[in-house]
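Note sheet for the following structure.
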Amino acid sequence: MSDEKNDKPGRIPPQEEENTPSVDVEILDAKESDESGIPTTLPVLPVRDIVVFNYMILPLFVGREKSVQAIDEALNRDRYVLICTQKDETVDEPTPDDLYTTGTVGMIMRMLKMPDGRLKVLVQGLARARVKKFVRHEPYDEALVEIVQEQEVADLGPEQEALLRTVKEQTEKILSLRGIDTSEIMAVLNSVNEHGRLADLVVSNLRIKPTDAQKILECEDPVKRLVLVNEQLVKEVEVASMQAKIQNMAKEGMDKAQREYFLREQLKAIRKELGDIGENGEGGEFDDIKNALDKAGLPTKVKAEADKQLSRLESMHPDSSEATVIRTYLDWIVDIPWKKLSKDQLDIKKANATLNDDHYGLDKVKERILEYLSVRKLNPKMKGPILCFVGPPGVGKTSLGRSIARAINRKFVRMSLGGMHDEAEIRGHRRTYIGAMPGRIIQGLKEAQTKNPVFMLDEIDKVGQDFRGDPSSALLEVLDPEQNNTFTDHYLNLPYDLSKTMFICTANILDTVPSALLDRMEVINISGYTQQEKTKIARRYLLPRQIKENGITEKDIQISDGVISQVIEEYTREAGLRELERKLGSLCRKIARKIAEGQKGPFRITPRGIKKFLGLPTFMEEDRDKELPPGVALGLAWTPYGGVTLYVEVSILPGKGKLLLTGQLGDVMKESAQAALSYARSKAEYFGLDPDFAEKKDIHIHVPAGATPKDGPSAGVTLFTALISALTNNPIRSDLAMTGEITLRGRVMPVGGIKEKVLAAVGAGLKKVIIPAQNKNDFMEIPQELRKKIEVKVVENVDEIWPEVQLEKK
């Protein structure tokens with residue numbers, strides 16, 4: 001407490017008197033004195049943050065040197081001192097300009113010296129006084145004062161009487177709001193009928209600002225002074241009322257909390273009797289579930305639903321079927337990652353190195369993933385992309401998804417969609433069904449334990465539909481970045497944010513994928529591998545893996561790249577690598593058997609010795625006819641498993657103009673045959689044919705193998721070429737294949753799968769291919785080493801093909 005600051009107005013607290021050390025105590029008798037006995041020159045005692053009024057008794061702590069000297073001087077005289085309030089309580093050494101000129105003459109009734117050198121004095125206010133001038137500044141302040149005599153109210157009319165009653169009533173109201181017994185205090189106040197005396201008694205006990213109290217002190221008119229006090233009382237009543245209201249609210253809250261505490265204790269005792277919790281009140285099922293929900297970091301809406309279900313569970317019999325359903329539901333809510341995220345690996349160079357370590361080639365896919373990481377690094381709030389890898393089996397679509405997850409440091413989840421017919425597999429079952437559970441999306445996230453894994457939806461082109469719903473329609477919400485932030489599973493019936501998840505779909509073909517679903521995905525085509533790419537992949541990845549899986553070492557087997565190429569050419573015909581890996585695995589197993597039988601390695605596999613391990617070659621160069629008979633042409637076709645070569649055979653028979661089509665041809669391929677025949681008839685004169693050949697002869701077109709369904713427009717130019725070869729009885733080159741759609745005007749239209757078809761032509765040992773001119777850019781995307789192995793002729797019209805396919809005359 002600062003110097004000259006009061007403790008409690010009115011009296012010295014008993015506890016302070018008891019704790020006060022009894023050293024250097026000087027007790028002075030308090031003698032009554034009237035105002036005429038007060039000297040006109042008094043020592044000045046500056047005080048902070050308090051204004052002393054008449055009839056006021058209060059203790060003051062005095063510590064400043066000048067103030068101590070003033071107290072000593074007053075005691076040496078007649079115990080009178082002028083108490084003046086400082087204008088600024090922060091001033092430690094006040095000058096006369098820092099003090100108000102109106103103060104109160106006080107009598108020192110008791111003085112106590114403290115151990116720290118300060119004084120504790122008990123003073124009583126006697127009269128108001130105005131400072132005329134200061135007559136001393138050292139060693140203490142002393143002033144010439146004028147005593148302000150209390151004015152008397154001449155006429156105590158109704159207005160003045162009402163003012164007296166109002167002040168007393170307001171005072172009683174304040175005391176009652178503070179919970180103070182008013183009987184004794186009001187008895188004293190009711191005995192006072194002087195306006196000035198009542199004003200001084202009331203204001204000395206009000207908690208008001210020193211500036212407001214000083215204004216009341218300076219007011220000499222007792223009625224006006226009482227009016228000012230009444231204004232302060234009105235404010236104090238409002239404050240006290242609000243304070244009492246706040247205290248009541250707090251008390252009500254405490255009472256409610258205490259009531260809930262007792263109820264919970266009773267509930268705990270009941271649960272102990274039922275055996276739901278242990279003797280120590282720990283390990284209860286409901287407590288465990290509640291703690292798990294609190295730690296799960298649930299969104300607000302989810303937490304509200306979980307608390308609601310937990311409240312229902314607490315009121316149910318633990319053995320009821322509904323309780324089991326709710327327990328399972330709450331377990332799912334706890335186990336699902338609502339906020340947990342994997343920290344992405346945003347080092348672009350490191351991610352690129354990881355992708356290159358796991359896969360050879362596939363530059364477009366790697367570039368797209370690195371672009372995603374780059375944008376993710378610059379914009380952490382970006383939504384996860386929806387990618388779709390399309391390509392033949394065995395090219396590494398699924399393993400690429402796993403590699404992407406490793407490169408960006410995320411968990412990997414794979415879900416196969418092949419053969420899925422039930423929509424509930426995606427969205428889950430509603431809890432009304434027995435054995436209901438969330439869909440595969442939520443199950444995968446639970447397995448990953450993060451909300452941003454790499455989620456692979458495998459074989460999206462093989463999703464079916466039946467009476468149980470359409471799973472592909474349910475995937476529309478999952479794979480839409482604008483909607484999947486509020487994906488709702490039927491089982492949870494709560495929104496879940498999938499926008500941070502990176503979805504990757506795989507497909508062999510896109511024809512069976514609904515257009516609305518396809519529109520939501522970014523399609524990346526992955527073509528088949530060239531022979532050189534297969535050789536490098538086998539050397540880097542496939543062979544080491546098979547060596548490890550079959551329990552042998554690299555020192556046990558010696559195989560050259562030439563032998564691997566021989567295996568590719570003679571034992572496999574595929575766009576992917578699965579059959580090649582199986583053949584390499586067969587080689588390793590043969591070596592493992594030799595080692596198990598006690599033979600010592602290393603074992604070298606030579607081109608001639610390969611037949612001892614794998615048997616006779618499955619595909620031979622001799623499979624292709626060295627010379628084609630008239631009416632036979634070699635075409636190129638695309639299948640989900642890669643490109644293939646396709647023979648088209650045409651026979652001209654005596655008849656009546658019938659067109660026979662065999663070989664399980666689809667509608668589009670049949671129409672291509674009819675278009676080729678129509679264009680051949682229009683060019684009969686150009687090729688030297690009988691204009692009426694279509695009316696006198698039957699034409700039979702067959703495309704082996706007969707058990708394999710075939711369709712598509714890309715065989716149009718092959719059908720036309722075989723037809724002209726049969727009609728003119730001229731054979732065509734056997735080392736040439738072609739692809740392209742034909743129109744009735746003879747134009748060659750572009751087709752798809754150029755890379756796979758050229759790969760098939762190279763694998764078959766052909767020397768030349770004919771493709772549509774509009775597919776020239778597709779051919780330029782084929783690796784350089786592959787383009788060097790085959791000659792390509794681009795054509796715009798079918799008339800350009802015949803000169804290229806005829807055999808050179810010997």
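The values are calculated or read from the model by the stated rules, or taken from the named source; none is laboratory data. Model, not experiment: these values are computed from the prediction. We place every Cβ from the backbone using ideal geometry, glycine too, and count neighbours over all the protein chains shown. Remember, those area values only see protein heavy atoms, side chains included, never the ligands or the DNA or RNA. Shrake-Rupley method; radii C 1.70, N 1.55, O 1.52, S 1.80 Å.
Observations
- Candidates Leu580, Leu542, Leu587, Leu517, filtered to the one that is open to solvent by less than 60 Å² (accessible area, probe 1.4 Å) and within 20 Å of Glu459 (Cβ to Cβ): Leu517
- Within segment 685-706, the set of residues being surrounded by 15 or more Cβ atoms within 10 Å (Cβ to Cβ), closer than 27 Å to Gly666 by Cα and not basic (Lys, Arg) comprises Phe693, Ala694, Asp698, Ile699, His700, Ile701, His702, Val703.
- Counting only strands (runs of 3 or more DSSP E) that sit wholly inside segment 1-90, those with at least 1 residues that are modelled with pLDDT under 90 and open to solvent by less than 30 Å² (accessible area, probe 1.4 Å) are 57-62.
- Segment 627-656 residues that are among the acidic types (Asp, Glu), paired with ones that are assigned to a loop (DSSP other than H, G, I, E, B) and open to solvent by less than 50 Å² (accessible area, probe 1.4 Å) (beta carbon under 7 Å, 6 or more apart): Glu627/Pro731; Glu627/Ser734; Glu649/Gly631
- Where a residue in segment 318-343 is within 22 Å of Thr450 (Cβ to Cβ) and its partner, wherever it lies, is of a type in the set (Gly, Ala, Ser) and surrounded by fewer than 14 Cβ atoms within 10 Å (Cβ to Cβ), with Cβ under 7 Å and at least six apart: Trp338/Gly297; Lys339/Gly297
Residue by residue, here is whether (1) hydroxyl-bearing (Ser, Thr, Tyr); (2) under 27 Å from Leu298 (Cα atoms); (3) part of a helix (DSSP H, G or I) holds:
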residue	(1), (2), (3)
Tyr372	yes, no, yes
His421	no, no, no
Ile441	no, yes, yes
Gly464	no, no, no
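- Filtered residue count, segment 752-778, keeping only those that are without any contact (Cβ under 8 Å) to a residue 40 or more places away in the chain and either surrounded by 16 or more Cβ atoms within 10 Å (Cβ to Cβ) or closer than 26 Å to Ser682 by Cα (or both): 8
- Breaking point among (1) open to solvent by 40 Å² or more (accessible area, probe 1.4 Å); (2) at negative phi; (3) in a loop (DSSP other than H, G, I, E, B), for Gly551: (2)
- Residue check for Ala633: surrounded by 12 or more Cβ atoms within 10 Å (Cβ to Cβ), touching a strand residue (DSSP E or B) at 6+ places or on another chain (Cβ under 7 Å) and at pLDDT 90 or above: yes
- Where helices (runs of 4 or more DSSP H) fall wholly inside segment 646-745, the ranges with 3 or more residues that are out of contact with any helix residue (DSSP H, G or I) (no Cβ under 7 Å at 6 or more places or on another chain) are 667-682, 716-728.
- The single residue among Leu206, Leu156 that is assigned to a loop (DSSP other than H, G, I, E, B), closer than 25 Å to Pro59 by Cα and modelled with pLDDT under 80 turns out to be Leu206.
- Lone unmet requirement of (1) more than 56 Å from the chain's Cα centre (by Cα); (2) farther than 24 Å from Arg48 by Cα; (3) exposed (fewer than 15 other Cβ atoms within 10 Å of the Cβ); (4) not basic (Lys, Arg) for Thr211: (2)
- Residues within segment 369-396 that are surrounded by 17 or more Cβ atoms within 10 Å (Cβ to Cβ) and among the acidic types (Asp, Glu), tallied: 0
- Close pairs from segment 245-270: first within 20 Å of Leu177 (Cβ to Cβ), partner of a type outside the set (Asp, Glu) and surrounded by 10 or more Cβ atoms within 10 Å (Cβ to Cβ), Cβ under 8 Å, at least 6 apart: none
- Subset of segment 652-679 (residues that are crowded, with 16+ Cβ neighbours inside 10 Å and over 12 Å from Gly716 (Cβ atoms)): Ile652, Leu661, Gly663, Leu665
- When we screen Leu175, Leu217, Leu163, Leu198 for residues that are in a helix (DSSP H, G or I), out of contact with any Leu (no Cβ under 9 Å at 6 or more places or on another chain), touching a residue at least 24 places away in the same chain (Cβ under 8 Å) and on the phi < 0 side of the Ramachandran plot, the only hit is Leu217.
- Of the helices (runs of 4 or more DSSP H) entirely within segment 754-810, those holding at least 2 residues that are over 52 Å from the mean Cα position of the chain (by Cα) and within 23 Å of Pro629 (Cα to Cα) occupy 802-805.
- Segment 314-363 - residue that is under 14 Å from Ile404 (Cβ atoms) and open to solvent by less than 40 Å² (accessible area, probe 1.4 Å) and, of those, nearest to the chain's Cα centre (by Cα): Ser342
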